[in-house]
Every structure is written in structure tokens, then in C-alpha cells.
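Report on one structure; see the data block that follows.
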Amino acid sequence: MTAPTLPVKVDRGNGPALVLLHGLGNNHESWTYVLREIDESRNRIIAPDLLGFGDAPKPQVDYTPGQHADAVIATLDELGVSTAVVAGHSMGCIVAAEVARKRPDLVSRLVLLGAPTFRRIRRTRRRFRSRVAEDRYSAIFNAIADSPDLTITAAKGLDVFAPLVKGMEITEETWPAFRSSLQHTIMQTRTYRDLMGLPVPTLLVYGRLDVFVIKRNLKAIARRNRRHVRYETLLGPHEITPVQGRAVAEMLQSDPS
């Protein structure tokens with residue numbers, strides 16, 4: 001099956017390509033506050049809607065990291081991009097890492113914001129009180145996957161209670177992709193192992209108020225892959241806020257050397 005291409009919602013600026021991949025249940029608008037701060041004279045900024053979200057195709061597939069990455073690769077090939085800094089937020093980190101694994105020639109650097117990396121995942125529904133962080137997250141993810149109506153209603157409430165969160169889009173239309181991406185892309189352990197050996201310059205960014213990411217896992221990746229991975233903290237939650245926008249833009253445009 002030929003990978004579909006994605007709708008490129010932002011493609012502007014001049015210079016080396018900077019590709020922005022959004023997270024689970026989001027669309028390209030989650031990068032709004034970063035896009036405001038990026039110098040378009042220094043970068044060609046590319047922000048697609050990922051497979052199953054926004055205006056992207058919504059095929060009946062498993063929405064694995066490989067399927068998401070293949071769609072990104074097909075899109076960049078169609079745009080004539082030969083190399084790029086690829087940034088991911090949340091699930092977009094997993095997709096970005098998979099793009100780098102499949103096509104290291106295409107990725108000059110990874111910048112991963114709030115990467116959900118897990119050493120183990122359980123399929124049990126009852127581990128909320130476990131002392132093991134992965135068990136608690138597994139229980140939460142399984143509960144979300146089993147509760148479409150509640151999850152969709154909660155997402156709609158963000159417009160009222162969290163107006164600064166941009167690009168949140170969990171609807172009846174996107175639910176199949178959301179649920180499958182949660183189960184197959186988020187709830188897996190290969191990305192954790194891959195990042196420990198990926199030979200691509202990588203910046204892992206952790207928000208100090210981020211309750212969705214296991215910090216020690218990111219630190220373990222940075223320790224194991226010291227040659228290629230750096231770890232930095234940022235004041236902020238999991239979602240990208242206006243305060244984070246400028247700091248993230250600077251990280252994306254900085255010279256890692």
C-alpha cells in the first residue's frame with residue numbers, strides 16, 4: 001500500500017527546512033505560539049496535519065508509528081525536501097523518531113518536546129495505584145481508549161476551560177485515528193529503545209509541569225546515547241503555551257554545535 005501524502009497547512013519561509021509534527025488529538029495549530037516566533041528568513045517552515053487528524057486522510061489502518069512516518073516521508077519527498085530539522089510534540093515525537101529511523105538521510109536533527117517514551121506497557125485496566133509510572137499511564141490510556149463519549153466531551157470543554165491550548169481536535173470523525181494512534185503509537189516501547197541508539201543529533205525537551213511524560217525515561221535515553229542526545233528542561237506544561245513559544249522557537253533554530 002502506497003503511503004498517502006498529508007495536507008501541508010504551513011509551508012512558508014526561506015532556508016533549511018523545519019518540519020513540525022503535532023501530537024495525539026491535535027492538528028498543526030498546536031504549533032501556533034511557536035510559529036509566531038520563528039524567523040521565516042532563516043527557515044522554510046513546514047507543518048502538516050498528521051494521518052487521521054485535521055484535514056489529513058483518515059484510512060482504516062492501525063495508525064502505527066511506521067504508518068504515520070511513511071505519510072510524513074511521502075509528503076516531504078513530494079515537497080522536494082532532502083534534509084530537515086524535524087520537531088515533534090508529544091505523539092509527534094514518536095513519529096519524528098520513526099522518520100529518522102526509516103530515513104536518517106532526511107533528518108539533520110530531531111527536537112522532541114514532551115516525548116512519551118515507555119520502558120513497558122501493560123494492557124490491564126486496573127493499575128491506577130501502582131507505584132510503577134508505566135502501569136499508571138497504561139491504566140489511564142486504556143480507560144481513555146474505552147471511553148469515546150467522555151473523551152470527546154472533555155476535549156470540547158478545552159475551548160472553554162483552556163482557551164490557550166490550540167489545535168485540540170478529538171471528535172467523532174477523528175476518534176478512530178485517535179484511539180488507534182493511542183493504542184499502537186503511544187502505547188509501545190520501541191521508541192524508547194530506538195532513541196537509545198539512534199545516530200541522529202537529538203534534543204529532548206521536558207516541561208517541568210508536564211504530567212504526561214516520565215522524566216527519568218528521557219534522562220535514561222540521554223545518558224545511554226550521550227554522543228547524539230541532549231536533554232533540556234523548560235518551564236511549562238505538556239501543551240505548548242504562549243510562554244513556551246519563544247523558547248521553543250529558539251531551540252528549533254539554534255545551532256547544536
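Of all the listed residues (V213, V248), the sole one being out of contact with any Asp or Glu (no Cβ under 9 Å at 6 or more places or on another chain), of a type in the set (V, I, T) and surrounded by 19 or more Cβ atoms within 10 Å (Cβ to Cβ) is V213.
Go through the residues of the stretch 83-90 one by one and say whether even a single one is free of Cβ contacts under 8 Å to residues at least 40 places away in the same chain, farther than 21 Å from P176 by Cβ and out of contact with any Ser or Thr (no Cβ under 6 Å at 6 or more places or on another chain). Taking every residue of the stretch 83-90 in turn, none turns out to be free of Cβ contacts under 8 Å to residues at least 40 places away in the same chain, farther than 21 Å from P176 by Cβ and out of contact with any Ser or Thr (no Cβ under 6 Å at 6 or more places or on another chain). Restricted to the stretch 164-187, and to residues that are β-branched (V, I, T) and within 17 Å of the chain's Cα centre (by Cα), which residue is modelled with the lowest pLDDT? My answer is V165.
Is one or more of the residues making up the stretch 28-39 among the β-branched types (V, I, T), open to solvent by 20 Å² or more (accessible area, probe 1.4 Å) and in a loop (DSSP other than H, G, I, E, B)? Taking every residue of the stretch 28-39 in turn, none turns out to be among the β-branched types (V, I, T), open to solvent by 20 Å² or more (accessible area, probe 1.4 Å) and in a loop (DSSP other than H, G, I, E, B).
M196 passes every criterion in (1) out of contact with any strand residue (DSSP E or B) (no Cβ under 9 Å at 6 or more places or on another chain); (2) open to solvent by 30 Å² or more (accessible area, probe 1.4 Å); (3) aliphatic (A, V, I, L, M) apart from (1). Go through the stretch 115-138 and report how many residues are modelled with pLDDT of 95 or more and either in a helix (DSSP H, G or I) or at positive phi (or both). Of the residues in the stretch 115-138, 0 are modelled with pLDDT of 95 or more and either in a helix (DSSP H, G or I) or at positive phi (or both).
Per-residue answers, yes or no, for (1) farther than 23 Å from R190 by Cα; (2) open to solvent by less than 10 Å² (accessible area, probe 1.4 Å); (3) not in a helix (DSSP H, G or I):
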site: T2; (1), (2), (3): yes, no, yes
site: L20; (1), (2), (3): no, yes, yes
site: G23; (1), (2), (3): no, yes, yes
site: R42; (1), (2), (3): yes, no, yes
site: A69; (1), (2), (3): no, yes, no
site: V72; (1), (2), (3): no, yes, no
site: S82; (1), (2), (3): yes, no, yes
site: G88; (1), (2), (3): no, yes, yes
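Here E98 passes the criteria (1) under 17 Å from L195 (Cβ atoms); (2) assigned to a loop (DSSP other than H, G, I, E, B) except the one numbered (2). Just one of the numbered conditions (1) in contact (Cβ under 8 Å) with a residue 40 or more places away in the chain; (2) under 21 Å from P104 (Cβ atoms) is not true of I186: (2).
Criterion applied to K102, K58 was being basic (K, R) and in contact with a Gly (Cβ under 6 Å, 6 or more places away or on another chain), and the one residue passing it is K58.
Being polar (S, T, N, Q) and closer than 21 Å to G114 by Cα is a description that does not apply to S41. Of the residues contained in the stretch 152-169, none is found to be polar (S, T, N, Q) and open to solvent by less than 50 Å² (accessible area, probe 1.4 Å). When the stretch 216-242 is limited to residues that are in a loop (DSSP other than H, G, I, E, B) and open to solvent by less than 20 Å² (accessible area, probe 1.4 Å), the one that is nearest to G66 (Cα to Cα) turns out to be N225.
The values are calculated or read from the model by the stated rules, or taken from the named source; none is laboratory data. Because the structure is predicted, anything quoted here is derived from the model rather than measured. Cβ coordinates were reconstructed from backbone atoms using ideal geometry, including for glycine residues, and neighbour counts include every protein chain displayed. Areas reflect the complete protein model, heavy atoms only, side chains present, ligands, DNA and RNA absent. Shrake-Rupley method; radii C 1.70, N 1.55, O 1.52, S 1.80 Å.
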